[in-house]
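Taking it in order: structure first as structure tokens, then the write-up.
Rule-based calculations on the coordinates, nothing more; no lab input. Computed from a predicted model, the values in this text were never measured in an experiment. Please note: Cβ atoms are built from the backbone with ideal geometry, for glycine as well, and neighbour counts cover all protein chains shown.
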């Protein structure tokens, strides 16, 4: 087991995973992540990419392999995975898959503070949320259908022979399947929550409205000086 904490940036994990396949230079790393649509799951910025590369070099997880120049293009340094980097990649992946982590989603925070809004407004906003979720689910479904009929988007000389001429494997986009499953589960949850509030007086809604009324009374303010009647 590693005696250090894993890097905090998931982009560092992506860099290690790319170099697990073959040595690459930063531009190729970014292009590969975009070709594989990984930017939907891992925030990709060129500035952050170079910062992550420096961090991984400092930790001994990757090392420069060679520097080359093509035509008038700037020099590009190709990096490769080290032995400790290989161990770190596998350890990090095992931890990610094995142990659930509380990531404090914003929607969960909103639900935990739901009484701040009137029940009617909360219901309207939740219904609006389902529209956005349905649109995102449709986008992902379409995206996965397109990928299922595409070949792996890499030149044959840059991919393992087993993938040459093959359709895009579902394994390469399993995170999109997971995201779609989460969206469908959230849609079902939100729809049920709206039903409970509107049909079952859930909460109970009367108490919810009482909390709203009490808060409104508490935050009533005196008329401002400009609106008061001027002294005679």
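Would you please classify the overall shape of segment 62-126 from the alpha carbon gyration tensor, given that a ≥ b ≥ c denote the square roots of the eigenvalues, rounded means a/c under 1.5, and beyond that prolate means a/b larger than b/c while oblate covers the rest?
oblate
Label residue 145 and residue 93 with points 7 Å out from Cα along Cα→Cβ: what is the distance between them in nm?
A separation of 3.2 nm, rounded to one decimal place.
Which of the three applies to segment 10-98, rounded, prolate or oblate, going by the alpha-carbon gyration tensor with a ≥ b ≥ c and a/c under 1.5 meaning rounded?
oblate
Can you tell me the order of 51-58, 173-180 when each peptide is scored by its average per-residue count of other Cβ atoms within 10 angstrom, highest first?
Top to bottom by mean Cβ count within 10 Å: 51-58, 173-180.
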